[in-house]
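*Asks:* Would you mind keeping the following structure in view while I ask a few things?
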Amino acid sequence: MIYVFASFSKTGNLKYISHLDLNRAMTRLLIRSGLPIRFSEGFNPHPKLTFAQPLSLFQESLCEVAEFRLDEGADCPDEAGTLAALRAVEPEGLHFTNVTYSDRKLPVCKAAKYELTFRTALSPEALSALFEGEMPVLKKTKTKETIVDISPLIREKRFSAVEGGVKLCCTLPCGDAYLNPSFLVSFLGERVAGTRILRTELLF
Amino acid sequence: MRNDRYASLLEHVEKPGRYTGGELNSEWKDPSEVDLRLCFCFPDSYEIGMSNLGMRILVGCFNRMDGVFCERCYAPWPDMEAQLRAHGLPLYALESGDPLTSFAAVLFTLQYELCYTNVLNMLDLAGIPLLASERGEEYPLIVAGGPCAYNPEPLADFVDVFSIGEGEEALPELAALLRTCREEGVPKQELLYRISQLEGFYVPSLYDVTYRPDGMLESFRPNREGVPATVRKRIIEHLDDVYFPVDSPVPYLEVVHDRAVLEVNRGCVRGCRFCQAGMVYRPYRDKSPETLDACAAASVRNTGYTELSLTSLSISDYPRLPELIDRLLRWTEERRVSLSLPSQRIDAFYEELMEKVMSVRKSGLTFAPEAGTQRLRDVINKNITEEEILTACGKAFDGGRNSLKLYFMNGLPSETDEDVAGIAALAQRIVDLFYSQKRPGRSVNVTVSVSCFVPKPFTPFQWEGQTAPDELERRQKLLRDCIRSRKIDYKYHDARVSRLEAIFARGDRRLGRALAEAVRRGQRFDAWDEFFDYDRWMGIFDDLGIDPSFYANRTFGEDELLPWDFLDIGVSKKFLLSERHKAQAARTTPDCRTKCAGCGASALCRERCSCDEWREEQAERTEKA
């Protein structure tokens with residue numbers, strides 16, 4: 001059995017598709033690909049499929065990674081063959097960029113790089129200043145609401161001017177300390193009119 | 001969607017994926033390079049619309065035409081409607097993101113009477129005047145079809161053209177005519193006349209209606225020479241040859257029927273007297289296992305679905321079902337595709353079939369006895385006996401099933417309290433049957449689901465008045481009191497919803513005012529509990545001086561001119577009437593295979609007919625001539 005790490009981008013209208021829906025779409029895509037996918041055992045067999053780091057609704061990404069398994073055998077192609085088989089059945093907005101084989105599971109994703117493009121009248125400097133001090137945001141869970149300072153979690157900040165606003169490149173933690181980039185947007189509140197969130201790299 | 005005008009709205013609505021298009025297999029043609037743009041609308045939510053096979057077939061039929069691009073639009077949920085209205089943006093087609101006013105024709109499928117307000121609301125959201133008489137040349141042609149078009153009259157004020165019957169051949173003809181007329185610059189009035197010359201199209205503005213002082217229809221006739229007095233429905237004679245979509249768009253969102261679908265047959269040989277589908281889809285036609293198998297394989301290959309559902313009004317009446325199942329199982333098991341079979345008739349239910357399908361996945365089992373006593377089952381011509389019901393249930397239990405769902409109806413013509421109690425008694429006997437044998441570690445669950453009878457056009461019961469909601473509610477309570485076992489779950493429909501359905505099912509043109517007013521007062525998504533508002537509807541009828549009982553609860557006269565009499569569905573009024581009389585005498589009619597009842601529908605098939613007796617008769621007639 002081979003573990004396959006398939007990298008893909010999820011952009012355009014696919015930002016309106018939730019992680020759960022993507023999971024179902026990816027399952028169907030794997031079936032359409034005709035690859036010798038390894039299915040789960042049991043009464044309702046389905047391809048074993050996991051993602052390195054779920055992406056929230058309204059966010060785009062250039063660097064998603066899905067892990068599934070292939071049965072080794074005569075009809076199992078090499079990495080390039082698998083990439084070609086996936087590309088042949090990919091829907092609009094989802095594009096496979098790379099396939100790597102492994103003999104073990106996908107490692108835990110530690111952090112992710114993002115590009116946030118804010119539509120705002122503020123200058124990069126003014127925006128940067130806002131990110132210097134404490135950045136309290138309200139985090140809600142099912143049972144409680146807490147105020148958290150997200151400032152220490154945001155690393156490698158770079159602000160630059162773009163047409164109509166400011167672009168922020170930064171690295172945010174994944175795993176247990178995961179910080180959803182949407183918290184940066186809610187921190188800024190009314191100061192920005194809209195934000196495009198693009199994930200650019202996953203760090204393992 | 002190829003533009004981002006709507007991007008800021010989508011962040012503020014639930015399930016934005018409903019409004020973006022771009023699903024796998026969705027069609028794209030460059031609008032600047034096609035010569036006819038159409039938009040097919042489904043007047044209910046995306047999740048319901050994407051599950052509809054008819055729409056998939058017809059959108060596919062248009063898009064197969066060179067130079068024609070047919071896009072899709074579903075009724076926006078109220079949160080999206082609020083966003084559109086707040087931003088002053090029009091309703092748009094999913095593929096291009098262009099407003100509905102950019103299209104030559106906008107087509108609606110009418111699946112259910114309670115979607116009518118959504119049709120009007122969608123027009124309104126698109127900035128299209130509701131009344132056909134107020135739409136000039138600049139607006140798209142508004143077309144409607146589907147099951148509810150068998151009584152098109154409640155929508156006659158709003159729709160330019162109704163397509164009657166099956167659309168796979170008719171609608172491309174309409175598109176071709178539309179294209180020619182646009183090239184020639186034919187004015188709308190002339191276009192409508194030309195459409196009326198095509199078989200299977202009804203143009204309401206070309207007919208005048210008069211009423212008697214007592215409110216009943218007096219006359220219904222064309223107001224222009226050359227317009228046919230009767231509009232005959234269209235059918236597809238050879239289903240094996242007709243287009244069937246095997247590469248339909250696959251939704252990202254989870255929709256109601258999220259699976260590959262195979263249409264096995266059309267029409268039903270049974271002839272249950274309440275059932276509109278059983279009459280309007282006659283004559284019975286089916287596809288060969290070879291065709292179906294090829295379609296199934298292509299569908300699964302193109303969509304990646306792992307569930308395949310066979311659709312049919314009565315799947316077990318398909319003579320070659322065992323052969324079809326065998327063929328499908330040859331590859332579905334290996335590819336981990338599960339099969340599901342809908343609407344099993346009790347008498348034709350056999351164990352072997354069940355076990356075969358169960359080997360893939362165990363799914364729920366549903367039977368529809370419809371009535372609780374033999375007398376009432378005879379009245380409605382549901383040709384099954386209690387013994388057959390119990391035998392089928394016994395087989396299901398022996399086959400390892402623990403749960404069964406049974407469908408019944410309240411308010412069927414001639415129903416008495418005894419018939420109502422009979423439903424509970426039948427369910428109880430099924431529970432007792434389960435426990436009559438030792439089944440260690442197992443317990444049974446029987447769900448009794450009871451809907452309310454709604455008289456529908458073109459059925460033997462089209463003349464019957466619906467039982468009033470208060471009385472229906474009394475019978476629902478009576479039934480609840482009759483159910484003693486905790487193994488029986490009891491569910492029933494809202495009688496007031498069924499009444500609104502009956503009003504529009506048997507309505508005429510005069511109801512158009514009520515629809516427009518209802519939309520103005522904010523009614524939409526009437527089929528959804530959270531938006532249904534009976535009191536508001538009654539207020540509207542009251543304010544407009546319309547008596548809803550005239551449509552829903554009145555028993556129509558047998559010699560009365562009915563609003564849909566000008567349509568010819570193949571089944572004769574004489575046949576419907578004789579079936580009504582047999583119902584009154586609790587006499588049954590055998591199914592079409594056992595004996596041709598002479599309904600007339602076979603005459604719709606020009607070359608071929610599934611009914612031997614009719615064919616012999618025709619041959620004799622030809623000989624004599």
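The values are calculated or read from the model by the stated rules, or taken from the named source; none is laboratory data. From a predicted model like this one, the values you see are computed outputs, not experimental measurements. FYI the Cβ positions are ideal-geometry reconstructions off the backbone, even for glycines, and counts take in every protein chain you see. SASA here: full protein model, heavy atoms, side chains in, ligands and nucleic acids out. Shrake-Rupley method; radii C 1.70, N 1.55, O 1.52, S 1.80 Å.
*Asks:* Taking the condition of being closer than 23 Å to residue B:55 by Cα and β-branched (Val, Ile, Thr), how many residues in the range B:171-212 meet it?
*Replies:* Final tally of qualifying residues: 2.
Matching residues to (1) modelled with pLDDT of 65 or more; (2) open to solvent by 20 Å² or more (accessible area, probe 1.4 Å); (3) touching a helix residue (DSSP H, G or I) at 6+ places or on another chain (Cβ under 8 Å); (4) not in a helix (DSSP H, G or I):
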| residue | (1), (2), (3), (4) |
| --- | --- |
| B:347 | no, yes, yes, no |
| B:355 | no, yes, no, no |
| B:376 | yes, no, yes, no |
| B:381 | yes, no, yes, yes |
| B:384 | yes, no, yes, yes |
| B:387 | yes, yes, no, no |
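*Asks:* State which residue is nearest to the chain's Cα centre (by Cα) when the search covers only the range A:41-54 and only residues that are of a type outside the set (A, V, I, L, M, F, W, C) and within 10 Å of another protein chain (Cβ to nearest Cβ).
*Replies:* This residue is A:47.
*Asks:* Test residue B:282 against the criterion of being away from every other protein chain (no Cβ under 14 Å) and either within 25 Å of the chain's Cα centre (by Cα) or at pLDDT below 90 (or both), and give yes or no.
*Replies:* Against the criterion (away from every other protein chain (no Cβ under 14 Å) and either within 25 Å of the chain's Cα centre (by Cα) or at pLDDT below 90 (or both)), residue B:282 qualifies.
*Asks:* For residue B:395, are the conditions met, namely being open to solvent by 50 Å² or more (accessible area, probe 1.4 Å), out of contact with any Gly (no Cβ under 9 Å at 6 or more places or on another chain) and of a type in the set (Lys, Arg)?
*Replies:* Spelling it out, residue B:395 is indeed open to solvent by 50 Å² or more (accessible area, probe 1.4 Å), out of contact with any Gly (no Cβ under 9 Å at 6 or more places or on another chain) and of a type in the set (Lys, Arg).
*Asks:* Something else: Which residue pairs have Cβ atoms closer than 8 Å, lie 6 or more positions apart in sequence or on different chains, and pair a first residue in the range A:83-98 that is aliphatic (A, V, I, L, M) with a second residue that is open to solvent by 60 Å² or more (accessible area, probe 1.4 Å) and not in a loop (DSSP other than H, G, I, E, B)?
*Replies:* Sorted first by the residue in the range A:83-98, then by its partner, the pairs are A:83/A:98.
*Asks:* What residue, among those in the range B:301-321 that are more than 14 Å from chain A (Cβ to nearest Cβ) and in contact with a Leu (Cβ under 6 Å, 6 or more places away or on another chain), is farthest from residue B:270 (Cα to Cα)?
*Replies:* Restricting to residues being more than 14 Å from chain A (Cβ to nearest Cβ) and in contact with a Leu (Cβ under 6 Å, 6 or more places away or on another chain), the top hit is B:310.
*Asks:* What residue, of A:64, A:72, is in a loop (DSSP other than H, G, I, E, B) and over 23 Å from residue A:152 (Cβ atoms)?
*Replies:* A:72
*Asks:* I've got another one for you. Which one of these is in contact (Cβ under 8 Å) with a residue 40 or more places away in the chain, among the acidic types (Asp, Glu) and surrounded by fewer than 18 Cβ atoms within 10 Å (Cβ to Cβ): A:41, A:64, A:72?
*Replies:* A:72
*Asks:* Does residue B:13 satisfy being of a type outside the set (D, E, K, R), assigned to a helix (DSSP H, G or I) and either free of Cβ contacts under 8 Å to residues at least 24 places away in the same chain or touching an Asp or Glu at 6+ places or on another chain (Cβ under 9 Å) (or both)?
*Replies:* no
*Asks:* Which number in (1) away from every other protein chain (no Cβ under 14 Å); (2) surrounded by fewer than 20 Cβ atoms within 10 Å (Cβ to Cβ); (3) at pLDDT 85 or above; (4) over 28 Å from the mean Cα position of the chain (by Cα) marks the one condition that residue B:351 misses?
*Replies:* Of the numbered conditions (1) away from every other protein chain (no Cβ under 14 Å); (2) surrounded by fewer than 20 Cβ atoms within 10 Å (Cβ to Cβ); (3) at pLDDT 85 or above; (4) over 28 Å from the mean Cα position of the chain (by Cα), the odd one out for residue B:351 is (3).
*Asks:* A further question follows. Select from the range A:1-22 the residues that are assigned to a helix (DSSP H, G or I) and surrounded by fewer than 16 Cβ atoms within 10 Å (Cβ to Cβ) and write down the one among them that is nearest to the other protein chains (Cβ to nearest Cβ).
*Replies:* A:20
*Asks:* Please give the number of the condition residue B:287 fails out of (1) within 14 Å of chain A (Cβ to nearest Cβ); (2) open to solvent by less than 10 Å² (accessible area, probe 1.4 Å); (3) not β-branched (Val, Ile, Thr).
*Replies:* Of everything listed in (1) within 14 Å of chain A (Cβ to nearest Cβ); (2) open to solvent by less than 10 Å² (accessible area, probe 1.4 Å); (3) not β-branched (Val, Ile, Thr), residue B:287 misses just condition (1).
*Asks:* Look at the range B:204-239 and say how many of its residues are surrounded by 14 or more Cβ atoms within 10 Å (Cβ to Cβ) and either closer than 30 Å to residue B:293 by Cβ or of a type in the set (Asp, Glu) (or both).
*Replies:* Of the residues in the range B:204-239, 6 are surrounded by 14 or more Cβ atoms within 10 Å (Cβ to Cβ) and either closer than 30 Å to residue B:293 by Cβ or of a type in the set (Asp, Glu) (or both).
*Asks:* Could you give me the residue pairs with C-beta distances under 7 Å whose first residue belongs to the range A:185-204 and is part of a loop (DSSP other than H, G, I, E, B), whose second residue is surrounded by 14 or more Cβ atoms within 10 Å (Cβ to Cβ) wherever it lies, and which are 6+ apart or on separate chains?
*Replies:* A:192/A:118; A:192/A:119; A:192/A:120; A:192/A:185; A:193/A:119; A:193/A:120; A:204/A:109; A:204/A:110
*Asks:* How about the range A:99-108: which of its residues are open to solvent by less than 70 Å² (accessible area, probe 1.4 Å) and either more than 19 Å from the chain's Cα centre (by Cα) or at pLDDT 95 or above (or both)?
*Replies:* Once the filter is applied, which keeps residues that are open to solvent by less than 70 Å² (accessible area, probe 1.4 Å) and either more than 19 Å from the chain's Cα centre (by Cα) or at pLDDT 95 or above (or both), the range A:99-108 yields A:99, A:100, A:101, A:102.
*Asks:* Right, another one. Of B:179, B:194, B:270, which residue is modelled with pLDDT under 95 and open to solvent by 30 Å² or more (accessible area, probe 1.4 Å)?
*Replies:* The match here is B:270.
*Asks:* Tell me whether the range A:120-135 contains one or more residues that are of a type in the set (A, V, I, L, M, F, W, C), under 21 Å from residue A:199 (Cβ atoms) and assigned to a strand (DSSP E or B).
*Replies:* For the range A:120-135, residues of a type in the set (A, V, I, L, M, F, W, C), under 21 Å from residue A:199 (Cβ atoms) and assigned to a strand (DSSP E or B): absent.
*Asks:* Sticking with this one: Can you pull out every residue in the range B:18-35 that is open to solvent by 60 Å² or more (accessible area, probe 1.4 Å) and away from chain A (no Cβ under 14 Å)?
*Replies:* B:30, B:32, B:33, B:35 - these are the residues of the range B:18-35 that are open to solvent by 60 Å² or more (accessible area, probe 1.4 Å) and away from chain A (no Cβ under 14 Å).
*Asks:* Just a yes or no: is a residue in the range B:322-330 under 22 Å from residue B:368 (Cβ atoms), basic (Lys, Arg), surrounded by 17 or more Cβ atoms within 10 Å (Cβ to Cβ) and more than 14 Å from every other protein chain (Cβ to nearest Cβ)?
*Replies:* no
*Asks:* Among the residues of the range A:24-51, what is the count of those that are more than 26 Å from residue B:4 (Cβ to Cβ) and not in a strand (DSSP E or B)?
*Replies:* 19
*Asks:* Restricting attention to the range A:23-33, which residues are more than 8 Å from chain B (Cβ to nearest Cβ) and out of contact with any strand residue (DSSP E or B) (no Cβ under 8 Å at 6 or more places or on another chain)?
*Replies:* A:33 - this is the single residue of the range A:23-33 that is more than 8 Å from chain B (Cβ to nearest Cβ) and out of contact with any strand residue (DSSP E or B) (no Cβ under 8 Å at 6 or more places or on another chain).
*Asks:* Here is a check on your reading of the model: is residue A:57 in a helix (DSSP H, G or I), under 22 Å from residue B:19 (Cβ atoms) and either away from chain B (no Cβ under 12 Å) or of a type outside the set (Ser, Thr, Tyr) (or both)?
*Replies:* Spelling it out, it is not the case that residue A:57 is in a helix (DSSP H, G or I), under 22 Å from residue B:19 (Cβ atoms) and either away from chain B (no Cβ under 12 Å) or of a type outside the set (Ser, Thr, Tyr) (or both).
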